[in-house]
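Student: Shown below is the structure under consideration.
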Amino acid sequence: MGCVPQVIAHRGASALRPEHTLLSYETAIALGADFIEPDLVATRDHVLVARHENEISGTTDVADRPEFAGRKTSKTIDGWPMTGWFTEDFTLAELRTLRARERIPELRPANTAFDGLAPIPTFTEVVELARRHGVGVYPETKHPTYFASLGLPLEEPMLETLIGFEGPVFLQSFETGNLRGLRTVTDFPLIQLIAPLGAPYDWSAAGIDRTWDDLVTPDGLREVAGYADGIGVDLHRVIPLGPDGRTGPPTSLVGDAHAAGLQVHVWTLRNENAHLPVDHRLGDPAVPAFARATGDVAGWLRRLVDAGVDAVFADDPGLARAVIAGRP
């Protein structure tokens, strides 16, 4: 701890290419990322693929494919009702006929130039890409309780895919139970993700009356240190925002976590004014393009680095790398 923070390419270089595509991961590697970060979900035939969610209407052309119109359905995922098309209802061969598209075109219109060019990658393809280029992989198990309930657990095929991979690895999850289980079967470093609100879904499903806030106390951090090697937190848990959307002084979280022997990784550094604190936005709010314009993301990152974080998830890993490389 106290070393140069590492750059985790969040869904690849998702500020520059449609997320979770080989195009995005390749761009991130070219821009100097230390890790590429695939979110993992399962297909009906139990192959792990990289999508931020198992509902794929926002990141693929599935809604425009008449042959799959009958697959549209409604489900409850981790307590939330959702309607759309879900990876677990498709075989890998079927998913591979789809093409990726930009998830937030209103903020990243330039990325739409790449719509339709890339298929959904498998986790095996992502690992092979990382192997060829000598970078790390930082997979997240998405909705592990849900997928286990379908007979499609994520952990075993994830570990099988990583057999023989010699680069650095972190394994991450927003749930606690699967991390505890992973601790018994792997030596890969584990990261407990911690959201700004709510509770781990496996706690909620089990009726455990605790929240994320319980895990960021000194006692909670010591508990996490019993099964994980670090925490991955919303960056506003490190530098909070006031009611006016402006930043306040750092919290004690980084110091408390380091005292417990945990690394602190923060998510997510994004370039657009819409994603930045008010005091790090640039330009005239009256201009129509203000929300998608690049703000003072470099200054924002420097403050996070000064707070002592060990790694940062960045949508633009090249910018993050340049800022970190330029510091003393």
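The values are calculated or read from the model by the stated rules, or taken from the named source; none is laboratory data. In this text, all values refer to a predicted model and were calculated from it rather than measured experimentally. Here the Cβ positions follow ideal geometry from the backbone for every residue, glycine too, while neighbour counts run over all protein chains shown.
Student: Using the structure shown, decide if Ala314 is over 18 Å from the mean Cα position of the chain (by Cα), among the small types (Gly, Ala, Ser) and crowded, with 18+ Cβ neighbours inside 10 Å.
Tutor: no
Student: Can you confirm whether the range 189-206 contains a residue that is at pLDDT 95 or above, assigned to a loop (DSSP other than H, G, I, E, B), surrounded by fewer than 16 Cβ atoms within 10 Å (Cβ to Cβ) and at positive phi?
Tutor: Yes: the range 189-206 contains one or more residues that are at pLDDT 95 or above, assigned to a loop (DSSP other than H, G, I, E, B), surrounded by fewer than 16 Cβ atoms within 10 Å (Cβ to Cβ) and at positive phi.
Student: Given the criteria on the phi > 0 side of the Ramachandran plot and part of a loop (DSSP other than H, G, I, E, B), does Gly116 qualify?
Tutor: Details: on the phi > 0 side of the Ramachandran plot: yes; part of a loop (DSSP other than H, G, I, E, B): yes.
Yes; evaluated as a whole, the condition is true for this residue.
Student: Name the residues in the range 280-309 that are touching a strand residue (DSSP E or B) at 6+ places or on another chain (Cβ under 6 Å) and surrounded by fewer than 16 Cβ atoms within 10 Å (Cβ to Cβ), would you?
Tutor: The answer is none; no residue qualifies.
Student: Return the pair list, or none, for Cβ contacts closer than 7 Å from residues in the range 82-107 that are free of Cβ contacts under 8 Å to residues at least 60 places away in the same chain and on the phi > 0 side of the Ramachandran plot to residues that are in a strand (DSSP E or B) and surrounded by 18 or more Cβ atoms within 10 Å (Cβ to Cβ), at least 6 apart or on different chains.
Tutor: Pairs found: Gly84/Glu55.
Student: Which one is surrounded by the fewest Cβ atoms within 10 Å (Cβ to Cβ) among residues in the range 119-146 that are hydrophobic (A, V, I, L, M, F, W, C) and part of a loop (DSSP other than H, G, I, E, B)?
Tutor: Applying the filter and picking the extreme gives Val135.
Student: Sticking with this one: Out of Ala260, Ala228, Ala274, report the one residue that is among the small types (Gly, Ala, Ser), within 19 Å of Cys3 (Cα to Cα) and out of contact with any Gly (no Cβ under 6 Å at 6 or more places or on another chain).
Tutor: Ala260
Student: Looking only at the range 179-200, which residues are more than 17 Å from the chain's Cα centre (by Cα) and within 30 Å of Phe165 (Cα to Cα)?
Tutor: Answer for the range 179-200, where residues must be more than 17 Å from the chain's Cα centre (by Cα) and within 30 Å of Phe165 (Cα to Cα): Arg180, Gly181, Leu182, Arg183, Thr184, Val185, Thr186, Asp187, Phe188.
Student: Here's something else I'd like to know. Go through (1) more than 17 Å from Ala311 (Cβ to Cβ); (2) assigned to a loop (DSSP other than H, G, I, E, B); (3) under 15 Å from the mean Cα position of the chain (by Cα) one by one and return the number of the condition Val49 breaks.
Tutor: Evaluating Val49 over (1) more than 17 Å from Ala311 (Cβ to Cβ); (2) assigned to a loop (DSSP other than H, G, I, E, B); (3) under 15 Å from the mean Cα position of the chain (by Cα) leaves (2) as the failure.
Student: Could you tell me how many of the residues in the range 72-113 are touching a strand residue (DSSP E or B) at 6+ places or on another chain (Cβ under 8 Å) and either in a helix (DSSP H, G or I) or among the hydroxyl-bearing types (Ser, Thr, Tyr) (or both)?
Tutor: 9
Student: Every residue in the range 77-95 that is over 21 Å from the mean Cα position of the chain (by Cα) and surrounded by fewer than 16 Cβ atoms within 10 Å (Cβ to Cβ), please.
Tutor: Answer for the range 77-95, where residues must be over 21 Å from the mean Cα position of the chain (by Cα) and surrounded by fewer than 16 Cβ atoms within 10 Å (Cβ to Cβ): Pro81, Thr83, Thr91, Ala93.
Student: State which residue pairs qualify: first residue farther than 17 Å from Asn111 by Cβ and in contact (Cβ under 8 Å) with a residue 12 or more places away in the chain and inside the range 48-65, second residue among the small types (Gly, Ala, Ser) and part of a loop (DSSP other than H, G, I, E, B) in any location, beta carbons under 8 Å apart, and separation of 6 or more residues or different chains.
Tutor: Matching pairs, first to second residue: Ala63/Ser57.
Student: Another question about this same structure. Are any of the residues in the range 254-276 of a type in the set (S, T, N, Q) and part of a helix (DSSP H, G or I)?
Tutor: Yes: the range 254-276 contains one or more residues that are of a type in the set (S, T, N, Q) and part of a helix (DSSP H, G or I).
Student: Another question, if that's okay. Answer yes or no as to whether Glu26 is farther than 20 Å from Ala320 by Cα and surrounded by fewer than 22 Cβ atoms within 10 Å (Cβ to Cβ).
Tutor: Here the answer is no, as Glu26 does not meet what is asked.
Student: Can you say whether Thr251 is under 30 Å from Pro109 (Cα atoms), out of contact with any strand residue (DSSP E or B) (no Cβ under 6 Å at 6 or more places or on another chain) and among the polar types (S, T, N, Q), as far as the supplied structure shows?
Tutor: Considered against the rule, which asks whether it is under 30 Å from Pro109 (Cα atoms), out of contact with any strand residue (DSSP E or B) (no Cβ under 6 Å at 6 or more places or on another chain) and among the polar types (S, T, N, Q), Thr251 comes out as no.
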